[in-house]
Amino acid sequence: MKPQALLLALLATAAPLHAMAADVTADDDKSAVDGVVVTARAHDTVGSTASKLATPLVETPQSVSIITADEIDKLGLQSLNQAMRYVAGVTPETRGGAVTRYDQFKLRGFEVTTTFLDGLSSQYPGWYADAQVDASTVDRIEILKGPASVLYGNSPPGGLLNFVSKTPKEVASGEIEVRAGSRDLYETSLDTTGPIAGDSRYTYRLLALYREGDGQAQTTRYERYLIAPSFTWRPDDATTITLLGRYQHDPKSNSYGSAPSKGSAFANPLGQLSPDFYDGDPNFEAYNRTQASIGYLAEHRFSDVFAFHQNLRYTRVESNYESVYASGLADDNRTLHRGTAASLESNDGLAVDNQLSARFDTGPLTHNVLLGLDYQHMMAKVLFGLGTAPDLDIFNPVYGQATIGDPRGPAGFYNADSRIKQEQTGLYAQDQIKLDRLVVLLGLRHDKVTQDTTALGATNTTTSVDQSKTTGRVGVLYHFDSGLAPYASWSQSFEPQGQTDFAGNPFKPVTGDQVEGGLKYESPDKRVYATLAAFEIKRKDALTADPDHLNFSVQDGELRSRGVEFEGRAHLTHRLKLTAAATKLDVAFTKSNDGLLGKTPVGVAEKTASAYLDYDFGGPLDGLAGGAGVRYVGPSWGDTANTFKSPSYTLVDLNLGYTLGKLNPSLQGWRATASATNLFDKRYVSSCYSVDWCWFGEQRTVQVGLKRSW
């Protein structure tokens, strides 16, 4: 379907839905957060991810950051990965300009290997069929820093991200927007919501989007179709059920390629590469992904004491991946050796989380107790293979060459066929205890994880993992009348491990332990919120080389991350808002038999800092609002041996918006927008994995848009 035809279809759909919507006062607006219904608020200082309960951030004894839909929208961000640019503790976009396929970054020095949507894991045990949540469907992103297994099970120690879906509102509203921009970007979207037939017991929301454009790598393209309907039923004041549907098709998705370090991260004697360098081949490049999900968020309050929540989602993801990739630069500094990779994958996942909460007093203590049982089931099918490809002259590339081992050829290509079945069951308990202004958070969880990986073919062998782990968390915070809140906490994570040691004994899960202390502040008028945190995380029992048996591993590796983070938001005046963040990290392998002792993992910046100013103009410029931001990412090691670094970079972003109704009353509801990221088009490398693989950061991207709201 052409974009223009899609826009007309969206308009036709929106009209009858809007006609059915009835006006409701703004004070009645509510939104669901992880199944908890919370009243809309002016400041984003209440979160649910850290405790699975609606809790003020200033009373949460662990670092939490929140990114709102408005913040994503004002910069025209296409991916949630881009939205992490102004968050403390994050080394963003480690895979550079390939923003339309996956969201990849480091959090407190650790790779974020899985994300959560509405409190449910999106974990995938295969290779390339990972789901990606489109930024247009997100009401907010909550980033919990540090280990979080006590509530969520299997997850890395750096922290996790929970994407909270946009859900139906009781206030009738909507918007249609068209955007155009750099590299032939075209986007049109619809968001409409409200009560059905004037009855606020039944509300709907419909999100739809079409986006296309050129990828940063020359000859590549991206394209996305998205529709996400939802429906909320409130049969009585105690019960809310929200059905959530989502369908997303990405027939094209940029490139996943890289550039050699010579010519990107540092000088090549023959010249420098352009940020649009492409190591692949347009006749072979493919990434076609379809993802669909259906689920619900349900809540029932039995009384003022007891409530029950159940979140459930079934997801299906299919992907077809084909790529020519770089495998090394020859000594002549221009001949790039290459190979081919391809996969056909699918994943069916079911996740459900049951929560029973109780709020009650015992003497002077107020308890908010949470008991939970969650379950995840995933079944993946993976066809994967590797092959060879012709060399490429990086300074005079010739594309369209015949590749060897093409999966479309008669000889076939896929040499690995596997089935992966993974299940996780977790039982957890938590108590938030308040004594006047003292807050104590206690949590305990037990998980059982099983995984069977069957390699089909001549051997038809199955490798099984059956592991259990108990994790905990303790936090203490005191919230002074002044708004200051010092806190300290300890939390754990775990990651199941496959394989066995030389003696045939299965490995136990890798664990993470964090100690964190800090100071939070929220002004009495809630115009200022800031947090300062210091932490140490140890990822223990990691696999490292067995010194006595070649090609085997032992479980005594350790990676330690220490750091200090600052993050704050302040309404300096009624028109001027400041957001700022800064991080200093010290990450190193403290135990290793692989020659990594004392080394820092690749792609982890020691220092990052950012600031963004938003200003709402008045007077003769009434209706105009804008903002400007600057972000700094320090150098990061480019290979595991720490022999070279990817250089630091500083970028500037800008956004402007004008309410056209201020110019002419007949244009009420219309708004024009413009944004630019990497305003000065700085050429930079976001990170490197080795001397052969580096990734250019995103070039300057300019967008203009026109939005009609009602």
#### Entry: Complete set of residues in region 416-452 that are small (Gly, Ala, Ser), surrounded by fewer than 16 Cβ atoms within 10 Å (Cβ to Cβ) and within 18 Å of residue 50 (Cα to Cα)
429
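For region 432-462, what are the residues that are aliphatic (A, V, I, L, M) and either on the phi > 0 side of the Ramachandran plot or not in a strand (DSSP E or B) (or both)? Even if it seems obvious, please write down each step before you answer.
First, pick out the residues of region 432-462 that are aliphatic (A, V, I, L, M): 433, 435, 438-442, 444, 449, 455-456, 458.
Result: 458, single match.
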### Query
Only one of (1) surrounded by fewer than 18 Cβ atoms within 10 Å (Cβ to Cβ); (2) of a type in the set (Ser, Thr, Tyr); (3) modelled with pLDDT of 90 or more; (4) part of a strand (DSSP E or B) fails for residue 482. Which number is that?
(4)
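Anything in region 624-650 that is among the polar types (S, T, N, Q), over 17 Å from residue 608 (Cβ atoms) and in contact with a Phe, Trp or Tyr (Cβ under 9 Å, 6 or more places away or on another chain)? List them, or say none. Give the steps one after another, and end with the answer.
From region 624-650, those among the polar types (S, T, N, Q) are 636, 640, 642-643, 646, 648, 650; that's our starting set.
From what's left, over 17 Å from residue 608 (Cβ atoms): 640, 642-643.
Across region 624-650, the qualifying residues are 640, 643.
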### Conditions (1) on the phi > 0 side of the Ramachandran plot; (2) of a type in the set (D, E, K, R); (3) not in a loop (DSSP other than H, G, I, E, B): number failed by residue 614
(1)
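Given the options 639, 556, name the one that is in a strand (DSSP E or B), at pLDDT below 95 and either over 23 Å from the mean Cα position of the chain (by Cα) or β-branched (Val, Ile, Thr) (or both).
On inspection, the qualifying residue turns out to be 556.
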### Task
For region 197-216, state whether one or more residues are closer than 28 Å to residue 703 by Cβ, assigned to a loop (DSSP other than H, G, I, E, B) and in contact (Cβ under 8 Å) with a residue 24 or more places away in the chain.
yes
## Note on the structure
In region 423-442, residues that are among the hydrophobic types (A, V, I, L, M, F, W, C) and closer than 13 Å to residue 366 by Cα total 6
### Summary
Inside region 241-283, the number of residues satisfying the requirement of being within 30 Å of residue 168 (Cα to Cα) and free of Cβ contacts under 8 Å to residues at least 12 places away in the same chain is 0
### Task
Check residue 597 against each of (1) surrounded by fewer than 20 Cβ atoms within 10 Å (Cβ to Cβ); (2) of a type outside the set (D, E, K, R); (3) touching a strand residue (DSSP E or B) at 6+ places or on another chain (Cβ under 6 Å); (4) touching a residue at least 12 places away in the same chain (Cβ under 8 Å) and name the one condition it does not meet.
(4)
#### Entry: Restricting region 207-231 to residues that are buried (at least 21 other Cβ atoms within 10 Å of the Cβ) and hydroxyl-bearing (Ser, Thr, Tyr), the residue that is farthest from residue 242 (Cα to Cα)
220
### Query
Among the residues of region 229-243, is any at pLDDT below 95, assigned to a strand (DSSP E or B), among the small types (Gly, Ala, Ser) and farther than 30 Å from residue 279 by Cα?
no
### Query
Got at least one residue in region 546-553 being at pLDDT below 95, of a type outside the set (Lys, Arg) and touching a Leu at 6+ places or on another chain (Cβ under 6 Å)?
yes
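Which members of region 84-115 meet the condition of being of a type in the set (A, V, I, L, M), modelled with pLDDT of 85 or more and buried (at least 23 other Cβ atoms within 10 Å of the Cβ)? Show your work before the answer.
Just the residues of region 84-115 that are of a type in the set (A, V, I, L, M), to begin with: 84, 87-88, 90, 98-99, 107, 112.
Narrowing the set further to residues that are modelled with pLDDT of 85 or more leaves 84, 87-88, 90, 107, 112.
Residues satisfying the conditions are 84, 87, 88, 90, 107.
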### Every residue from region 491-519 that is over 16 Å from residue 556 (Cβ atoms), without any contact (Cβ under 8 Å) to a residue 60 or more places away in the chain and either assigned to a loop (DSSP other than H, G, I, E, B) or among the charged types (D, E, K, R) (or both)
498, 504
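So, residue 628, is that one of a type outside the set (S, T, N, Q), farther than 23 Å from residue 267 by Cβ and not in a helix (DSSP H, G or I) or not? Steps first, please.
Values: of a type outside the set (S, T, N, Q): yes; farther than 23 Å from residue 267 by Cβ: yes; not in a helix (DSSP H, G or I): yes.
So residue 628 passes the test.
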#### Entry: Yes/no for residue 238 being under 29 Å from residue 79 (Cβ atoms) and either touching a residue at least 40 places away in the same chain (Cβ under 8 Å) or not aromatic (Phe, Trp, Tyr) (or both)
no
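Taking the stated definitions as given, is residue 261 under 25 Å from the mean Cα position of the chain (by Cα), of a type in the set (S, T, N, Q) and surrounded by 20 or more Cβ atoms within 10 Å (Cβ to Cβ)?
On the way: under 25 Å from the mean Cα position of the chain (by Cα): no; of a type in the set (S, T, N, Q): yes; surrounded by 20 or more Cβ atoms within 10 Å (Cβ to Cβ): yes.
No, not satisfied.
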### Tabulated pairs, region 478-490, first touching a residue at least 12 places away in the same chain (Cβ under 8 Å) and over 12 Å from residue 518 (Cα atoms), second loosely packed, with under 13 Cβ neighbours inside 10 Å and of a type in the set (Lys, Arg), C-beta under 9 angstrom, 6+ apart or interchain
479/437; 480/437; 481/437
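The values are calculated or read from the model by the stated rules, or taken from the named source; none is laboratory data. All values reported here derive from a predicted model rather than from experimental measurement. Every residue, glycine among them, receives a Cβ derived from its backbone with ideal geometry; neighbour counts consider all protein chains shown.
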